Amino acid sequence: MNIRDIKRLTFRTNPYFFSRGTLRFFGQTMQSFKVRKSPSGRIFLYASSYWDGKLMGYTLREYKDGNLLATPDVKSIQEINDHIAKS
């Protein structure tokens, strides 16, 4: 599964998450997102978020059954890796 698949599958439940305006606001593009599967098979997507050209933090969501689920706030790629590894 890739980010385009997730965008298509979540459009009905999360129509604005991947909208051009939302992505532009956070300094992201579709190519910004990485998709990873946890050891248990759960699917996560993440990307850097920017404000006024400066790194603000990271977007991390879990994909499940056509939905994007909230995850704990993360402040680094290491925290993302740790969260996915434990999931």
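Computed from the coordinates by the stated procedures, all read-outs in this text should not be read as laboratory data. Treat the numbers as computed from the prediction; the structure is a model and nothing was measured.
Here the contact order of the chain, divided by its residue count and restricted to Cα pairs under 8 Å and six or more residues apart, works out to 25 percent.
Calculated from DSSP H runs of 4 or more alone, at -39500 (n - 2.57) each and per residue, what is the 222 nm mean residue ellipticity of the chain, nearest 500?
Numbers: 3 runs with 24 residues, N = 87.
Using -39500 (n - 2.57) per qualifying helix, the result is -7500 deg cm²/dmol.
Computed on the stretch 3-86, the Cα convex hull volume stands at 83 Å³ per residue.
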